[in-house]
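*Asks:* Submitted below is the structure of interest, expressed as structure tokens.
The values are calculated or read from the model by the stated rules, or taken from the named source; none is laboratory data. Only a predicted model underlies this, so the values are computations on that prediction, with no experimental measurement involved. All Cβ positions, even for glycine, are placed from backbone atoms using ideal geometry, and neighbour counts span all protein chains on display.
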Amino acid sequence: MTPRRIVIVSRIFAPEPAAASFRLRALARGLTEAGAQVTVLTTRPPAGAVIEPEPYPVRRWPVLRDRYDYVRGLVQYLSFDVPVLFRLLATRADLVVCEPPPTTGMAVLVSSLLRGRPYVWYAPDIWTTAAEKMDVTAPVKRAMRLMETLAARRAAGVLTVSEAMGRELQAVTGVEWEKVLVAENGIDTDVFRPDGPVAQPGDPYFVYAGSMSEWQGADVFVRAMPRVLEAHPDARLRFFGRGSDIDRVQEIAERLAPGRVHFEGLRPAAETAEWTRGAVAALGAVLPGIGYDFTKPTKIYAAAACGTPVVYAGTGVAAQLVEDNGLGSVVDHDAGAVAEAMIAALDRRLDPARAEENDRERRRRAAWAAENASLAASGRIAAEWLLQGFPD
């Protein structure tokens, strides 16, 4: 039987500016376009967020948020997971699609067992791997691993955003590869595109747009700034987003480059795109050797879609993505190497003799993103798989 009533469960959804929000909205739209009846069970967004109408019902629930207005932490998770268990029990569906954290996976697993229906685990990252680098107790890490393993292995199918991510999930949880679909990550190319408004603050600047977590090491760009400022005193670094590591990054910025590093907080996607278009380069990083070299940060796709070059600090599949497609430069996760790459990007951008070359490269990067990084296309691929493959 082809499922027609599909429920998507996630603690985060549009309009919250996050990769999960965009990816799940693309899936919901892809399912709706294919004729499915989609319902989204999610949370009320932070105050001030503008909710755009969608062609399917989005049922929002009030939750606890941390001081950054984010649903992060065990108490915050449970403020969504416990009510959503009962919401699911009262909701008719042929199939449920579940986004992490693993605690939400447990709520979906229990409700699916009680209602006798399948669910799909949508795994954009591996929480067990991330927990190993976080300041949490050993029992919490073990519980996280158990819940993630159960959520993946008991699922009728698993969606993930890259083959490397899927293979890591297989290694961590033992999930069968035969029930995994890779729907590559991407970006909304209607919002992140080379044309459109451009932020013009007056000084040349770099953009870091996205999460600042312990495993990314975004502070490497701040540590590079003193050397960058020696060569280009008017350069600025602008962070858009939030994350568990933001306090530490801010402290380093105040100490090493006061007044030169700006933390803009969360902004709507369209506004982030304006700043990305005007940036000398977009910045991305993942700490190497901690088990996260399989990730492809969405900020790489967003920059490419705007035509903006990337300075990527790290190794793994994201570094290969940048190098293989000429999306920018890849360097070691080292402040000295990062500084040289940032200075080189400034030199290229500010050289009038390279204006034509820069414009040509901008168009090429944007064309690559339009062809290879469309989130809408990825959502349609995932939707087709769900509608054709479940339930067994």
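*Asks:* For Arg363, indicate whether it is assigned to a helix (DSSP H, G or I), farther than 27 Å from Asn185 by Cβ, basic (Lys, Arg) and at pLDDT 95 or above. Please lay out each step first, then the result.
*Replies:* Working: assigned to a helix (DSSP H, G or I): yes; farther than 27 Å from Asn185 by Cβ: no; basic (Lys, Arg): yes; at pLDDT 95 or above: yes.
No.
*Asks:* Report, by residue number, each residue of the stretch 31-53 that is modelled with pLDDT under 95 and within 21 Å of the chain's Cα centre (by Cα).
*Replies:* Arg44, Pro45, Pro46, Ala49, Val50, Ile51, Glu52
*Asks:* Have a look at Pro83, Pro53 and point out the one that is free of Cβ contacts under 8 Å to residues at least 12 places away in the same chain and assigned by TED's automatic domain parsing to the domain that holds Met147.
*Replies:* Pro53
*Asks:* Further, regarding this structure: Would you be able to tell me the number of residues in the stretch 296-345 that are in a helix (DSSP H, G or I), within 17 Å of the chain's Cα centre (by Cα) and either not assigned by TED's automatic domain parsing to the domain that holds Ile252 or not small (Gly, Ala, Ser) (or both)?
*Replies:* 8
*Asks:* Consider Val331 carefully, then state whether it is within 22 Å of Val228 (Cβ to Cβ), surrounded by 20 or more Cβ atoms within 10 Å (Cβ to Cβ), of a type in the set (Val, Ile, Thr) and modelled with pLDDT under 95.
*Replies:* No; evaluated as a whole, the condition is false for this residue.
*Asks:* Let me ask something additional. Take the residues of the stretch 192-240 that are of a type in the set (Gly, Ala, Ser) and assigned to a helix (DSSP H, G or I): which is surrounded by the most Cβ atoms within 10 Å (Cβ to Cβ)?
*Replies:* Ala224
*Asks:* Okay, next question. Which residues, counting only those in the stretch 241-263, are charged (D, E, K, R) and either in contact with a His (Cβ under 8 Å, 6 or more places away or on another chain) or assigned to a loop (DSSP other than H, G, I, E, B) (or both)?
*Replies:* Across the stretch 241-263, the qualifying residues are Arg242, Asp245, Arg260.
*Asks:* List every residue pair whose Cβ atoms sit under 6 Å apart, with the two residues 6 or more apart in sequence or on different chains, where the first one lies in the stretch 88-105 and is part of a helix (DSSP H, G or I) and the second, anywhere, is charged (D, E, K, R).
*Replies:* Listed pairs, sorted by first residue: Pro102/Glu148; Thr103/Asp81; Thr104/Asp81.
*Asks:* Which residue is surrounded by the fewest Cβ atoms within 10 Å (Cβ to Cβ), if the candidates are limited to the stretch 156-174 and must be without any contact (Cβ under 8 Å) to a residue 40 or more places away in the chain and among the aliphatic types (A, V, I, L, M)?
*Replies:* Ala171
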